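Every number here is computed from the coordinates shown, using simple stated rules; none is lab data. As the structure is a computational prediction, the values presented were derived from the model and not from experiment. Note that we place each Cβ from the backbone using ideal geometry, even for glycine, and neighbour counts take in every protein chain shown.
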Amino acid sequence: MNSPSWKTFYNESNGLKKPAKANQLISKKDTTAIKQLLINVLDGFFAKNDIHIGLKTYINNELRNDYIEKMVANPPRVEDSLETWSQQIFGNQKFGIVLIGLEEYSNAFAEKLATIVSPLLEIAGLPLNGLSFLFFMGNYGFTPFGIHKEAVGEDGILFHLGPGNKQFYTWDDPKYNSIQHNSEVFHNITKMLPNSKSYNLEPGDAMFIPHYVYHIANTPKFSMSVVLDYINPPIDRFENELIKETAEENLQHSVEYTKPLKLNTPQSSLNNLIDIPSIQKKLEIALDRKILSLKSNGGIRRKSNKIKVSIPSTDTFSIKSKKIFQLYIDEKDLKTTLIFARGHRLIKKKHPKLPQLINQINEGNCISLTSIKQLMEPLWDLIEIYSFIQDLLSVDCIILCK
């Protein structure tokens, strides 16, 4: 994987504005690794409480979620391939599995995909609602839900993993592009195919699909594909989400209180009740923190799952960052510092050397507990230092050096 390949892909898609195919964008090594990590993803999904949200299973193009219980009872094993596991579950039937939000079920999968797509973010930028992933698996033929397009702002990059090939079709036509989203899906596939543009995808190839372009794929032989959702929300929706986040931040800029409103107050005077500069400042802070949260998680919209990791009992250990997941800080508060780590927010007592420590961690080298203590004591005691390290280990953004 290298940046020039991504740059070519980006340019051929006209800056992520038209369909484009990239040959061998993913190396064989990464393709193999992703397939293995999908087993980890499925195990994580099957372990959650409500397994009927996020997964769809099709048999002969018919939605059949009754197979989910069988999959949960017989989850894939690390030593098996997903093709072998699928045969155990579905036999020789034509089947398809679609699972969304893959990053939610495996920190390791999220880390791998964040690393793979990081060159894209360098070139194309960070979408304001982040990145999310889904996958298709099976030998189901044409996509069961017909010729469709995605929600507004949700552009997709399909990474084809194989082993079989996939045929992809697009209809980049003004008469289709202008159709309102979620208003029409086409199932007259045979009739429409002659007017499409066809792309043959081999394992390692990638396909970009803008949100406004109708498309469908044909997967006649067993294969897997992971789709990256690159999510730029509609402006109105983004503003509404940001306003909601502003309220959740519970930001306070004034100790003043509103005065009672006289019943005969003219409508034109009501604007005086709103402190526009204060609202704007709150929105700016909420936006800044939203972006720092995304950046700390490699652009992925869902934060990592917290894990149980014990700090060694000796004081001779060292820590090292997962360099793809940089730490960011917000020091607007006078007494505490907000640290962003894999989408999580960690609140720590103010320390003048904390930014220096964060920079050292972000460099990706091993840092000993001794050097951390020398930098942070006595303003932080040993309990605060251990708490800081434990929190970073728990959100899976650092590891213990071997």
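Given a Förster distance of 22 Å, report the FRET efficiency between Gln374 and Lys320 from their Cβ-Cβ distance, rounded to the nearest 0.05.
FRET efficiency, Gln374 to Lys320: 0.80.
Gap in Å between the Cα centre of segment 219-234 and the Cα centre of segment 307-383?
36
Give the value in nm², to one decimal: projected area of the alpha carbon convex hull of segment 247-330, averaged over all directions.
The number I arrive at for segment 247-330 is 10.1 nm².
Rounding to the nearest 10 and keeping the result within 0 to 90°, find how far the Cα-based axis of helix 3-12 lies from the longest principal axis of the chain.
Computed tilt is about 60 degrees.
Taking θ as phi - 60°, what are the ³J(HN,Hα) couplings along segment 36-46 by the Karplus curve (6.51, -1.76, 1.60), each to the nearest whole Hz, with x for Gly and Pro?
Per-residue couplings from phi come out as 5, 5, 5, 5, 4, 4, 4, 4, x, 5, 5 Hz.
Would you please state which residues of segment 208-222 a label at Ser178 would reach in this model, taking the label point 7 Å out along Cα→Cβ and a backbone N cut-off of under 16 Å?
212-214
Using θ = phi - 60° and the Karplus relation 6.51 cos²θ - 1.76 cosθ + 1.60, list the HN-Hα couplings for segment 178-195 in order, rounded to whole Hz, with x at every Gly or Pro.
These are the phi-based 3J(HN,Hα) values: 7, 5, 4, 4, 6, 9, 7, 10, 10, 10, 7, 4, 4, 5, 8, 4, x, 9 Hz.
Using only the alpha-carbon atoms of segment 116-183, report the extent along each of the three principal axes, biggest first, to the nearest angstrom.
35, 34, 18
D for segment 97-244, whole µm²/s, Stokes-Einstein with Kirkwood Rh over alpha-carbon pairs at 10 °C and 1.306 mPa s: what number?
The calculation lands on 97 µm²/s.
Bin width 20 Å, alpha-carbon pairs only: give the P(r) of the chain as whole percents, running from 0 to the bin holding the largest distance.
Pairs per bin, as whole percents: 23, 49, 24, 3.
Give the dimensionless ratio obtained when the Cα radius of gyration of segment 318-400 is divided by 2.2 N^0.38 Å.
Against the compact-globule rule of thumb, the ratio is 0.98.
How about the chain: what cysteines have no other cysteine beta carbon under 4.7 Å from their own?
Among the cysteines of the chain, those whose Cβ sits 4.7 Å or more from every other are Cys397.
Could you list the residues of segment 103-120 with an amide nitrogen less than 12 Å from a label point located 7 Å from the Cα of Ala33 in the Cα-to-C-beta direction?
108-118, by backbone N distance to the label point.
Given the DSSP H assignment, sum -39500 (n - 2.57) over each helix run of at least 4 residues in the chain and divide by its residue total; what's the result at 222 nm in deg cm²/dmol, nearest 500?
Here the helix-only value at 222 nm equals -10500 deg cm²/dmol.
Divide, for segment 20-104, the radius of gyration over alpha carbons by 2.2 N^0.38 Å, where N is the residue count.
After normalising by residue count via 2.2 N^0.38 Å, the value is 1.17.
May I ask which of Lys149/Lys197; Lys244/Lys281; Lys70/Lys221; Lys259/Lys335; Lys35/Lys323 have a Cα-Cα span longer than 19 Å here?
Table pairs above 19 Å Cα-Cα are Lys70/Lys221; Lys259/Lys335; Lys35/Lys323.
In terms of the ratio Rg/(2.2 N^0.38 Å) built on C-alpha atoms, what value belongs to segment 76-122?
Segment 76-122 yields a ratio of 1.54.
If you wrap a convex hull around the alpha carbons of segment 257-402, what volume per residue comes out, as a whole number of Å³?
152
Using a cut-off of 13 Å between beta-carbons, work out the net charge of the residues near Gly204 (Lys and Arg +1, Asp and Glu -1, Gly204 not included).
Every neighbour counted, the sum reads +2.
Based on the Cβ-Cβ distance of Phe145 and Ser198, what FRET efficiency does E = 1/(1 + (r/R0)^6) give at R0 = 22 Å, to the nearest 0.05?
After rounding to 0.05, the efficiency reads 0.70.
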